[in-house]
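Comments concern the structure below.
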Amino acid sequence: MEQQALVIAIVGALGIGAQWLAWRSGLPGIVLMLAAGFLAGPILGLLDPPAAFGDLLAPLVSIGVALILFEGGLSLNFREFSKYGEGVWRLVVFGVPLAWIFGALACYYVAGLIWPVAILFAGILVVTGPTVVLPLLRQSTIQPRPAALLRWEAIVNDPIGALCAVVAYEYFRLSASGATLLDVVPPMLIGAVLAGGIGWAVARTVAWALPRGYVPEFLKAPVLLVAIIGTFVGTNLIEHEAGLIAVTVMGVSLANMNVSSLRSIHHFKQNISVLLVSGIFVALSASLDVAQLRNLEWRFALFLLVLLFVVRPATVLLSLLFTKVPWNERLFVAWIAPRGIVMVAVSGLFAFRLSELGYGDGSILIALSFAVGVTTVDAHGFTIGPVAAWLEVRGTTRPGLL
């Protein structure tokens with residue numbers, strides 16, 4: 001117990017310290033958090049979260065991701081969608097399958113992964129993630145449209161990418177017994193729709209109960225927190241990773257139900273999000289095994305370059321063809337695609353499952369996902385400001401109203 005408490009204290013201090021240092025220096029906070037965890041874990045040996053928490057680490061990270069996705073969903077307003085919806089729905093409807101196809105080709109032909117592992121990992125790479133995109137947008141001043149496109153894409157595609165990985169895994173698991181895509185995909189889509197419906201129903205219940213005084217002021221934040229966790233865990237029992245869809249729908253629904261009571265807990269949910277992002281990034285980077293990094297080959301470096309300069313630009317530029325989005329904004333969105341916690345967490349989960357199915361390349365996913373995360377976060381975190389200025393998509397700061 002004392003060791004676990006010490007790990008929690010160190011993780012908290014490193015995470016918040018990295019955030020403070022980022023504020024003072026102007027450096028990307030995500031990069032500093034990853035560096036702090038890697039330094040304290042594999043380099044100095046001060047932290048070993050898997051040893052301290054054991055089997056509890058994965059569910060704790062999953063719940064943290066769910067809370068972050070819910071908080072991100074609260075920032076999505078349908079009035080904003082009415083302005084920039086054309087680009088958003090194209091990045092979802094066209095962007096997801098294009099990113100999956102291009103990513104799978106890169107994983108197979110460039111990284112050298114076998115087809116099942118390449119297809120599953122490419123599904124995970126569909127995500128960008130609010131855990132990295134939102135902090136970068138808060139740190140940089142970007143014009144409303146490209147910022148909205150990146151924000152909506154990150155939050156909406158996060159659960160979709162996890163679901164893509166589940167579909168791929170279930171197909172390869174059941175195909176040995178003769179199952180086809182028609183046997184796998186429809187039940188999962190039904191589970192995803194059901195999870196979204198549950199998320200909406202819970203949001204509707206919260207929106208009805210809070211303004212009518214059924215929950216006292218001091219219990220509003222705890223009740224909402226328990227509702228989020230309960231929705232996430234409950235819907236995951238219906239379909240694995242469907243909980244991410246449920247909490248995202250719950251957050252977006254509440255954001256557009258004009259619940260005035262949520263304003264009183266705005267700072268609470270924001271503080272929770274900052275703490276969770278800090279803690280999870282430090283804990284995950286501290287959990288990295290240096291031995292796994294030695295499995296990375298030279299061709300993986302080429303794969304990272306293809307992911308940055310071919311897969312992402314091709315996905316965005318093709319998705320946004322014949323839209324009203326200006327070319328400078330399209331190029332900016334095509335460059336910014338950092339991968340975050342969901343990619344690393346889901347990759348770690350399926351790495352062990354693929355190994356159990358006999359796919360040897362499954363074990364490399366952990367190291368490769370960290371390499372993708374660190375590379376994309378560093379590349380986009382350090383360049384978002386200069387690229388925004390070069391493409392003339394920097395916004396103007398506006399004074400607040402008293």
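The values are calculated or read from the model by the stated rules, or taken from the named source; none is laboratory data. Predicted model only: the values in this text are computed from it and were never measured. So basically every Cβ, Gly included, is an ideal-geometry build from the backbone, and we count neighbours across all protein chains shown. Remember, those area values only see protein heavy atoms, side chains included, never the ligands or the DNA or RNA. Shrake-Rupley method; radii C 1.70, N 1.55, O 1.52, S 1.80 Å.
Cβ-Cβ distances below 9 Å connect the following pairs, each with a first residue in the stretch 194-220 that is outside any loop (DSSP other than H, G, I, E, B), a second residue that is at pLDDT below 90 and of a type in the set (Asp, Glu), and a separation of six or more residues or different chains: Leu194/Glu239; Ala195/Glu239. Within the stretch 237-248, restricting attention to residues that are touching a residue at least 24 places away in the same chain (Cβ under 8 Å) and in a helix (DSSP H, G or I), the residue that is surrounded by the most Cβ atoms within 10 Å (Cβ to Cβ) is Ala246. Within the stretch 160-184, which residues are in a helix (DSSP H, G or I), touching an Asp or Glu at 6+ places or on another chain (Cβ under 9 Å) and of a type in the set (A, V, I, L, M)? Scanning the stretch 160-184 gives Ala162, Leu163, Ala165, Val166, Leu174, Val184. Identify the residue in the stretch 380-390 that is of a type in the set (A, V, I, L, M) and surrounded by fewer than 18 Cβ atoms within 10 Å (Cβ to Cβ) and, among all such residues, is nearest to Ile30 (Cα to Cα). For the stretch 380-390, the residue satisfying everything is Val387. Under 22 Å from Gln139 (Cα atoms) and in a helix (DSSP H, G or I) - does that describe any residue in the stretch 363-373? Yes, because at least one residue in the stretch 363-373 is under 22 Å from Gln139 (Cα atoms) and in a helix (DSSP H, G or I). The condition of being on the phi > 0 side of the Ramachandran plot, over 20 Å from the mean Cα position of the chain (by Cα) and open to solvent by less than 70 Å² (accessible area, probe 1.4 Å) holds for Gly54. Filtered by the rule that a residue be under 22 Å from Leu304 (Cα atoms), hydroxyl-bearing (Ser, Thr, Tyr) and either surrounded by 21 or more Cβ atoms within 10 Å (Cβ to Cβ) or at pLDDT 80 or above (or both), the stretch 320-370 gives Ser347, Ser369. Quick check: is even one residue across the stretch 300-314 among the aliphatic types (A, V, I, L, M) and touching a Lys or Arg at 6+ places or on another chain (Cβ under 7 Å)? No. Please go through the stretch 7-42 and pick out each residue that is aromatic (Phe, Trp, Tyr) and under 21 Å from the mean Cα position of the chain (by Cα). Phe38, the sole residue that qualifies.
Entry remark, the stretch 186-235: residues being surrounded by 14 or more Cβ atoms within 10 Å (Cβ to Cβ) and polar (S, T, N, Q) number 2 in total. Answer yes if at least one residue in the stretch 164-181 is touching a residue at least 60 places away in the same chain (Cβ under 8 Å), more than 17 Å from Pro97 (Cα to Cα) and touching a helix residue (DSSP H, G or I) at 6+ places or on another chain (Cβ under 9 Å), and no otherwise. So far as the stretch 164-181 goes, yes, one or more of its residues are touching a residue at least 60 places away in the same chain (Cβ under 8 Å), more than 17 Å from Pro97 (Cα to Cα) and touching a helix residue (DSSP H, G or I) at 6+ places or on another chain (Cβ under 9 Å). Across the stretch 82-104, the qualifying residues are those that are more than 20 Å from the chain's Cα centre (by Cα) and in contact (Cβ under 8 Å) with a residue 12 or more places away in the chain, and the one among them that is surrounded by the most Cβ atoms within 10 Å (Cβ to Cβ) is Tyr84.
To keep it simple, each residue is scored yes or no on (1) closer than 30 Å to Pro326 by Cα; (2) over 21 Å from the mean Cα position of the chain (by Cα); (3) among the β-branched types (Val, Ile, Thr); (4) at pLDDT 85 or above.
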position: Ala122; (1), (2), (3), (4): yes, no, no, yes
position: Ile142; (1), (2), (3), (4): yes, no, yes, yes
position: Thr180; (1), (2), (3), (4): no, yes, yes, no
position: Val193; (1), (2), (3), (4): no, no, yes, yes
position: Val206; (1), (2), (3), (4): no, yes, yes, yes
position: Pro216; (1), (2), (3), (4): no, yes, no, yes
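Inspection of the stretch 133-141 finds no residue satisfying the criterion of being under 25 Å from Phe350 (Cβ atoms), without any contact (Cβ under 8 Å) to a residue 24 or more places away in the chain and open to solvent by 40 Å² or more (accessible area, probe 1.4 Å). Of all residues in the stretch 39-51, those satisfying the criterion of being closer than 10 Å to Ser287 by Cβ and crowded, with 19+ Cβ neighbours inside 10 Å are Gly41, Pro42, Leu47, Pro49.
When the stretch 61-79 is filtered for residues that are open to solvent by 30 Å² or more (accessible area, probe 1.4 Å) and within 30 Å of Val233 (Cβ to Cβ), the ones remaining, listed by number, are Ser62, Ile63, Leu74, Ser75, Asn77, Phe78.
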